[in-house]
Amino acid sequence: MNKFNRSIVAITTLFCVPSIICAEDADADGFHPMLNGQDLTGWVLVNTPAETWSFKDGMLVCTGKPIGEIRTEKMYQNFIMEVEWRHLVPKGNAGIFVWADDITAKGQPFHRGIEVQVLENAYGNTRSFTPHGDIFPIHGAKMTPVNGRGGSRAFPTEERAKPSPEWNHYRIECNAGEISLAVNGTVVTQGADCSPSKGYICIESEGGVVNYRNMRIKELPDTPISDEHVATANRNFRSLYSGLNLAGWQTTKEGAASWKSHDWTLSFDGKVSSVRAAALISDEKFDDLQFIIDVKLKDETSSVVIQLPGRTNFDLRAENVRSAFDATNRWNRVEGSVNGGQVLLTVNGKLVHSGTLLSNDLQADSTGSIILIPVGAVDFANIYVRPL
């Protein structure tokens, strides 16, 4: 071996550390590991905190709390994914999403995408679902099921899943908008005409303790695809709500009793003496930013004021803003940005404000907190932010 080749070997060895998945990690069949057995390198904590996920003896352990997901950093189109999983409690619930968006759908803890069900056997078979490998589109995705029952859900042709705490093996093949699932060695569920058919892979936390191991992927050649079938790509949003508690936020002494963490939903009961007592203030400070917040108004008199750095005040009580909201007790997606003195605000995709900064008497500096001030009973979810 000459000096040049020895240098290449040295560089390759340096960068192929266990926490990084390299080309040299591929096995003889062309599969690459998706988990390194130590940390979540290659994955994004979408709306679950680090406490939800850990590694033990090389296995990925999901606590099931809160309900939510992690996703891959990379988008995939055509691939074969293999994984072993087991539930540690009867009636455990979880799932694997493919071809998913970068963040969760409006008013939901899960992404738009195609879900491969990971359900423990004690649920039993029903007309609506089984624990043996159902596949179905969720939150706006589309799929034509093979072996359906009149809807969009594909049902397995055999009952091959093993109960807790036994291990199960899934082989998920996604190619040109078609998906198939082999459970413990036999293909049992299939779907076609999937949209999106390129996106992220997600692992779902949904109440039950689940272990994953030997998760690996083999990418297949791309096929022609139009933009409408590509999931929303990474926009660098990150969640400001843990789903477990109010970590990262402050409120008044009076308001603390009215804020409740209900898993993926953050609720305010409206029982305070003043609007200011209701304020929930982020510990983190921001300059120019973009945000997404899902809001559910619990009664006709409920509303929200969202205050941002730079004297920006999004008052959702304003007539033009309120008119864009869906009916009471429906989720609404509020999106806004403050960028160089310019403000944009949309509600459910409808532009309700575009222009200069609005009045805000709580924080005059260009750098400041995000402040949520509910008026009456309000639910919040999917609180995402990204600096601009």
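The values are calculated or read from the model by the stated rules, or taken from the named source; none is laboratory data. Bear in mind that the values here come from a model prediction, so they are computed numbers and not experimental data. Reconstructed Cβ throughout: ideal geometry from the backbone, glycine too, with neighbour counts over all protein chains shown.
At a glance:
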item	result
Residue in the stretch 164-179 that is surrounded by 15 or more Cβ atoms within 10 Å (Cβ to Cβ), part of a strand (DSSP E or B) and of a type in the set (Asp, Glu) present	yes
Condition check for ARG317: surrounded by fewer than 16 Cβ atoms within 10 Å (Cβ to Cβ), assigned by TED's automatic domain parsing to the domain that holds VAL347, in contact (Cβ under 8 Å) with a residue 24 or more places away in the chain and charged (D, E, K, R)	yes
The stretch 71-83 residues that are in the same structural domain as ASP39 (by TED's automatic domain parsing), paired with ones that are part of a loop (DSSP other than H, G, I, E, B) and among the β-branched types (Val, Ile, Thr) (beta carbon under 6 Å, 6 or more apart)	ARG71/VAL46
Residue tally, condition part of a loop (DSSP other than H, G, I, E, B) and within 24 Å of the chain's Cα centre (by Cα), over the stretch 251-287	5
From GLY42, GLY95, GLY58, GLY68, residue being under 16 Å from SER242 (Cα atoms) and either at pLDDT 95 or above or in contact with a Gly (Cβ under 7 Å, 6 or more places away or on another chain) (or both)	GLY68
Residues of the stretch 185-205 satisfying the condition of being touching a Ser or Thr at 6+ places or on another chain (Cβ under 7 Å) and surrounded by fewer than 22 Cβ atoms within 10 Å (Cβ to Cβ)	VAL187, GLN190, ALA192, ASP193
Subset of the stretch 206-233 that is farther than 30 Å from HIS169 by Cβ and under 19 Å from the mean Cα position of the chain (by Cα) - its residue that is surrounded by the fewest Cβ atoms within 10 Å (Cβ to Cβ)	ALA233
Output for the stretch 68-93, where each listed residue is in a loop (DSSP other than H, G, I, E, B) and closer than 23 Å to THR130 by Cα	LEU88, VAL89, PRO90, LYS91, GLY92
Residue match in the stretch 338-349 (condition: outside any loop (DSSP other than H, G, I, E, B), at pLDDT 90 or above and crowded, with 20+ Cβ neighbours inside 10 Å)	yes
Given (1) farther than 26 Å from LEU388 by Cα; (2) touching a strand residue (DSSP E or B) at 6+ places or on another chain (Cβ under 6 Å); (3) free of Cβ contacts under 8 Å to residues at least 40 places away in the same chain, index of the condition SER303 fails	(3)
Inter-residue pairs, beta-carbon under 9 Å, first without any contact (Cβ under 8 Å) to a residue 12 or more places away in the chain and in the stretch 109-125, second surrounded by fewer than 23 Cβ atoms within 10 Å (Cβ to Cβ) and in a loop (DSSP other than H, G, I, E, B), 6+ apart	GLY124/THR130
Qualifying residue in the stretch 146-162 (condition: out of contact with any Gly (no Cβ under 8 Å at 6 or more places or on another chain), in the same structural domain as PRO221 (by TED's automatic domain parsing) and under 19 Å from ASN211 (Cα atoms))	yes
Test: residue in the stretch 82-90 that is crowded, with 22+ Cβ neighbours inside 10 Å and over 17 Å from SER180 (Cα atoms)	yes
Evaluation of ILE96 against (1) assigned to a loop (DSSP other than H, G, I, E, B); (2) of a type in the set (A, V, I, L, M); (3) buried (at least 20 other Cβ atoms within 10 Å of the Cβ) (one fails), failing number	(1)
Total residues in the stretch 119-146, condition part of a loop (DSSP other than H, G, I, E, B) and surrounded by 14 or more Cβ atoms within 10 Å (Cβ to Cβ)	10
Scope the stretch 308-332; condition part of a strand (DSSP E or B) and in contact with a His (Cβ under 9 Å, 6 or more places away or on another chain); matching residues	PHE314
Test: residue in the stretch 209-229 that is among the hydrophobic types (A, V, I, L, M, F, W, C), in a loop (DSSP other than H, G, I, E, B) and within 30 Å of GLY150 (Cβ to Cβ)	yes
Yes/no for GLY64 being closer than 17 Å to LEU40 by Cα and either small (Gly, Ala, Ser) or not in a strand (DSSP E or B) (or both)	yes
